[in-house]
Amino acid sequence: MACNKVEVNGEVGKGQEVCTLDGTVDYHGRPAIRERSGNWVAGILLLVNQGLATLAFFGVGVNLVLFLTRVMGQDNADAANNGLVSLSLSTYIFLLKPKGCGDEKTLCGSHSSFQSAFFYFSIYLVALGNGGYQPNIATFGADQFDEEDPNEGHSKISFFSYFYLALNLGSLFSNSFLGYFENEGMWAFGFWASTGSAALALVLFLCGTPRYRYFEPKGNPISRFSQVLVAAARKLKFEMMPSGEDLFEFEAKKYTKNGDRKLLHTQGLKFLDRAAVITSEEFNQIDKDTNDPWYLCTVTQVEEVKCILRLLPIWLCTILYSVVFTQMASLFVEQGAAMKTTVSSFNIPPASMSCFDILSVVAFIFIYRRILDPFVVLRKKNAKGITELQRMGIGLVIAILAMVAAGVVESFRLNYAKESCPDCEGSSSLSIFWQIPQYVLIGASEVFMYVGQLEFFNSQAPDGLKTFGSALCMTSISLGNYVSSLLVMIVMSFSARDDMPGWIPVNLNKGHLERFYFLLAALTTVDLMVYIVLARWYKYIKFEGKSGGGDNNGANELSELEV
């Protein structure tokens with residue numbers, strides 16, 4: 001059957017099917033038919049896949065700090081710094097000795113260098129697999145919606161909220177069900193459950209192959225980036241027209257030579273514009289389509305590099321937020337373990353408190369999508385509602401409040417603590433439920449920061465570099481872990497002197513964890529100030545002729561962040 005690119009008056013001729021307008025293709029490389037590919041059928045399948053994959057990953061990560069302390073014998077500061085099948089096998093065969101060790105009462109024995117090395121090899125395989133999966137699944141899911149179609153374009157924006165919701169629902173099961181069994185020492189069971197979840201996710205993903213929409217590869221983005229820098233450097237001595245009239249672009253209505261949407265020329269970073277300046281020699285070769293991209297680049301290619309360079313400062317400001325977020329899986333757990341964790345005869349695993357974070361995410365996604373954003377749209381008569389940059393700024397503000405709340409709770413915990421406690425487990429009479437506010441605040445900040453990040457980096461990355469945008473978001477989380485580790489090391493190096501155990505010792509009752517939380521609050525405040533300046537400076541990407549007029553009605557002017 002033939003495939004129409006355009007519907008006339010909303011109707012399709014007999015025997016005709018409508019293709020997507022964004023250039024996506026099906027599994028066989030043919031233009032994707034809108035009714036038989038993508039949209040929410042594929043989107044929901046990928047959301048379920050994301051939930052299962054998250055369950056697998058968080059099934060390992062949620063209690064990793066306790067595993068490192070109870071099974072591997074590390075102290076609190078070291079534990080805060082650090083392939084599913086191999087992990088399950090290494091845990092079951094090598095590490096859980098004597099049998100049943102690793103709960104709150106029975107510590108495991110020492111391990112050989114080989115056993116420890118195999119364990120860390122397994123952990124890094126998990127990190128490698130998740131690192132390859134997460135940046136691509138978000139972009140791939142968004143690709144299932146044709147943003148050139150008004151209805152599907154709206155669904156694409158909603159997808160990122162539901163994507164993060166699926167991520168949190170997957171972690172809810174791992175934090176509650178798996179977290180309970182792992183806290184009781186059933187580590188092998190928890191890791192095998194994660195393995196099964198990952199296998200099921202793989203099967204479901206493969207089942208949807210015929211339904212997915214795909215963008216064809218556009219070439220090596222590194223070479224395209226490098227070509228602009230080299231071409232600009234080679235033309236340092238050439239004069240440029242102030243209006244940019246002498247800049248080169250392919251003569252096409254809407255798309256570049258490689259099928260991507262054309263980008264409009266923007267002011268700023270003018271050094272890069274030299275890469276698109278046409279010399280007299282190059283002018284004679286343009287009609288022949290033989291120009292060398294290492295000497296002459298298009299305006300669109302130059303603007304792609306500008307987009308990336310403008311994204312990087314915003315991205316750098318998100319790393320410190322990820323440091324705050326990381327505390328939920330490390331120091332929050334250690335803090336909870338040093339509080340009263342029993343209700344009657346039932347013991348509450350400290351890691352399971354992150355369920356309140358997940359419930360907060362679910363609640364605030366609903367509040368934002370159904371209440372807050374529509375209210376802003378109605379009040380400001382702005383179809384976009386709260387911009388992504390504004391939401392990320394709000395996320396930073398809430399993160400500061402979360403760290404202040406955690407510091408206050410720790411101060412009260414110390415007032416009810418027993419300093420003589422040797423292992424610090426349950427050594428304070430203050431209930432672990434006092435941690436709920438800090439978890440709820442972290443969850444609220446995630447909705448504004450991470451969902452906003454996913455939407456922002458995906459929408460602002462040029463065509464062909466969408467996965468780069470998602471990778472920035474995920475890399476921010478990863479670097480947040482490393483920066484957190486570095487910060488813990490620095491804090492311990494200057495706070496642990498002579499007879500002073502430091503801020504984060506083995507026995508938290510002899511330390512000052514609240515000072516570390518307040519330090520993070522102060523650093524995040526400084527980060528917020530820098531972020532506001534950069535957000536005001538940022539210029540949104542401008543596509544030529546995008547349907548809906550979103551790029552021609554002022555929506556992409558200089559952003560204004562109002563927190």
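The values are calculated or read from the model by the stated rules, or taken from the named source; none is laboratory data. The shown structure was predicted, so the numbers you read here are calculated from the model rather than taken from an experiment. Methodologically, a virtual Cβ is constructed for each residue, glycine included, from the backbone with ideal geometry; neighbour enumeration extends over all protein chains shown. Areas reflect the complete protein model, heavy atoms only, side chains present, ligands, DNA and RNA absent. Shrake-Rupley method; radii C 1.70, N 1.55, O 1.52, S 1.80 Å.
The table below lists the values:
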| quantity | calculated |
| --- | --- |
| Near pairs, Cβ below 9 angstrom, 6+ apart or cross-chain, from the range 203-226 (more than 16 Å from Y27 (Cβ to Cβ) and small (G, A, S)) to any residue that is at pLDDT below 80 and surrounded by 11 or more Cβ atoms within 10 Å (Cβ to Cβ) | G219/N258; G219/G464; S223/P293 |
| Qualifying helices (runs of 4 or more DSSP H) (wholly inside the range 274-376; at least 1 residues being modelled with pLDDT of 85 or more and closer than 22 Å to Q453 by Cβ) | 299-326, 331-337, 354-367 |
| Failed item in (1) in contact with a Cys (Cβ under 9 Å, 6 or more places away or on another chain); (2) modelled with pLDDT of 70 or more, with G102 passing the rest | (2) |
| Residue match in the range 203-221 (condition: assigned to a helix (DSSP H, G or I), surrounded by 14 or more Cβ atoms within 10 Å (Cβ to Cβ) and either modelled with pLDDT under 75 or touching a His at 6+ places or on another chain (Cβ under 8 Å) (or both)) | yes |
| Answer from Q144, Q134 - the residue that is over 27 Å from A329 (Cβ atoms) and modelled with pLDDT of 65 or more | Q144 |
| The listed residue being aliphatic (A, V, I, L, M) and either within 21 Å of the chain's Cα centre (by Cα) or modelled with pLDDT of 90 or more (or both), out of L401, L430, L414 | L401 |
| Close pairs (6 angstrom Cβ cut-off, 6 or more residues apart or separate chains): under 12 Å from P313 (Cα atoms) and modelled with pLDDT of 95 or more in the range 517-539, surrounded by 19 or more Cβ atoms within 10 Å (Cβ to Cβ) and among the polar types (S, T, N, Q) anywhere | none |
| Boolean, A233 is in contact with a Cys (Cβ under 8 Å, 6 or more places away or on another chain) and either modelled with pLDDT of 70 or more or surrounded by 16 or more Cβ atoms within 10 Å (Cβ to Cβ) (or both) | no |
| Test: residue in the range 385-396 that is part of a helix (DSSP H, G or I), over 26 Å from the mean Cα position of the chain (by Cα) and among the basic types (K, R) | no |
| Unique residue being open to solvent by 10 Å² or more (accessible area, probe 1.4 Å) and among the hydroxyl-bearing types (S, T, Y) when the list is S478, S484, S445, S470 | S478 |
| Residues of the range 452-488 satisfying the condition of being of a type in the set (V, I, T) and over 24 Å from M328 (Cα atoms) | T467 |
| Only one of S470, S445 that is of a type outside the set (V, I, T), at pLDDT below 85 and part of a helix (DSSP H, G or I) | S470 |
| Residue within the range 516-523 that is under 23 Å from A405 (Cβ atoms) and assigned to a loop (DSSP other than H, G, I, E, B) present | no |
| In the range 340-369, residue least open to solvent (accessible area, probe 1.4 Å) [restricted to those that are within 16 Å of G395 (Cβ to Cβ) and either out of contact with any helix residue (DSSP H, G or I) (no Cβ under 7 Å at 6 or more places or on another chain) or small (G, A, S) (or both)] | S360 |
